[in-house]
Amino acid sequence: MQTPSAISLSFLLLLSISAAVHGHNITRILAKHPEFSTFNHYLTITHLANEINRRQTITVCAVDNAAMSSLLSKGLSIQTIKNVLSLHVFADYFGSKKLHQVTKGSTSTATMYQATGEAPGTAGYVHITDIKGGKVRFTPEDNPSQTDTTYVKSILEMPYNISVIQISAILQSPEAEAPTAAPDLNLTSLLQRDGCQAFYDLLTTSGAIGTFLSSADGGVTVFCPGDDAIADFAPKYKNLTASEKTSLLLYHGVPVYNSMGMLRSSNGLMNTLATEGAKKKYDFTVQNDGNDVTLKTKVVKATISGTVVDEEPIAIYTIDKVLLPRELFKGTVEEAEEPAPAPKAAKKKKKPAKKGETEDDADAPGPDSSDDYSDDDAADQTASGGGRLVASAVMALCFSWLAFV
């Protein structure tokens, strides 16, 4: 028979699994508490809410409406308010218990302000101190004289996914509150900067620029091949039909905003602007290794080499190669970058080369290819279902344990 403690432990374990699978929504969490309505509102209009929802381990330090009024009375711009509020989002989990058991009584944690790269030096860090009387104090790195901001209560804890707590006052950071100019989010002008001019010229001459512009308001991520990469690819590009050129260019856009932090924290398939309305997938795989992010098609592997802009709803990154979709080009990624293929039962007889065809034709456009993509589809489905498989396995183990106790 199960003991009451075993049942309670099992219930908490199931809740934790559910939280990990389904994620969180900071807007909905705070909507249940009207005293934080102003804080919640500004998380939304600064787009910080979206960033919070995408992260898996995070702590949000909410302040009540009165504390927000003192911040708004300073007349700061929306961009500056975003910097200040991002200082209230920790890139680690701090529940009530952890706050009151800080190692050696004090620690420091990076905030979203630090993660965005907007904070100079270490100004995006906050010190957490467990002081006498059971109180916990929060002090910005660049304002050590602020000693009056303390922990008030826990609003919601989903270990170790998200913790939402209330603190007594706004964290005051001279760097975060420094005047910040609104970013230039004109997609047309942005695409003509930082080595993207050649790619922009192709977008305009092909007419594909219109799809990018219409996607900008709702969120778009552009992977722009550098001018040298475009020059190297020019001979092959000329051999494409008009519709193929459009599909290729749209393949370099994703219809959602992806910050660099999001790209560095995720691996998996990504649909593109070329996917919509197409009979084939036109997707690629995002892979990361530390700070390096690569984009892998079934033909080529490109690396993100720089950032033109990373400000919701627009992100533009430069890449070192033109992305070649399997739907338009034959060939595979270099063998050195691929695992050895599994042995096959039988090998299809290779068709003889047509008259005048050379080995170089393997890299030539092949939009009418009848290649069998069934193996690729199966692999894609397995990759996209990885999270569900993990959750199912943990749930099965949990239920087995319940039966045992």
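Quick notes on this structure:
- Checking ASP201 against (1) in contact with a helix residue (DSSP H, G or I) (Cβ under 7 Å, 6 or more places away or on another chain); (2) outside any loop (DSSP other than H, G, I, E, B), the condition it does not meet: (1)
- Residue selected from the stretch 231-254 under the condition in contact (Cβ under 8 Å) with a residue 60 or more places away in the chain and surrounded by 20 or more Cβ atoms within 10 Å (Cβ to Cβ), by the criterion nearest to GLY306 (Cα to Cα): HIS252
- Whichever residue in the stretch 178-208 is out of contact with any Asp or Glu (no Cβ under 6 Å at 6 or more places or on another chain) and small (Gly, Ala, Ser) and, among such residues, is modelled with the lowest pLDDT: ALA182
- When residues in the stretch 138-152 are screened for being without any contact (Cβ under 8 Å) to a residue 24 or more places away in the chain and open to solvent by 60 Å² or more (accessible area, probe 1.4 Å), 5 of them pass.
- Residue count, the stretch 261-277 (criterion: open to solvent by 20 Å² or more (accessible area, probe 1.4 Å), in contact (Cβ under 8 Å) with a residue 60 or more places away in the chain and not hydroxyl-bearing (Ser, Thr, Tyr)): 4
- Entirely in the stretch 37-131, the strands (runs of 3 or more DSSP E) that have 3 or more residues that are open to solvent by 30 Å² or more (accessible area, probe 1.4 Å): 106-110, 125-130
- Pick from the stretch 209-230, criterion open to solvent by 60 Å² or more (accessible area, probe 1.4 Å) and under 26 Å from ASN50 (Cα atoms), ranking: nearest to the chain's Cα centre (by Cα): GLY218
- Looking only at the stretch 244-271, residues that are of a type in the set (Ser, Thr, Tyr) and at pLDDT 95 or above come to 3 in all.
- The number of residues in the stretch 63-103 that are of a type in the set (Ser, Thr, Tyr) and without any contact (Cβ under 8 Å) to a residue 60 or more places away in the chain comes to 3.
The values are calculated or read from the model by the stated rules, or taken from the named source; none is laboratory data. Keep in mind that this is a model prediction, so the values were computed, not measured. All Cβ positions, glycine included, derive from the backbone under ideal geometry; neighbour counts span all protein chains shown. What goes into the accessible areas is simple: the full protein's heavy atoms, side chains included, and nothing from ligands, DNA or RNA. Shrake-Rupley method; radii C 1.70, N 1.55, O 1.52, S 1.80 Å.
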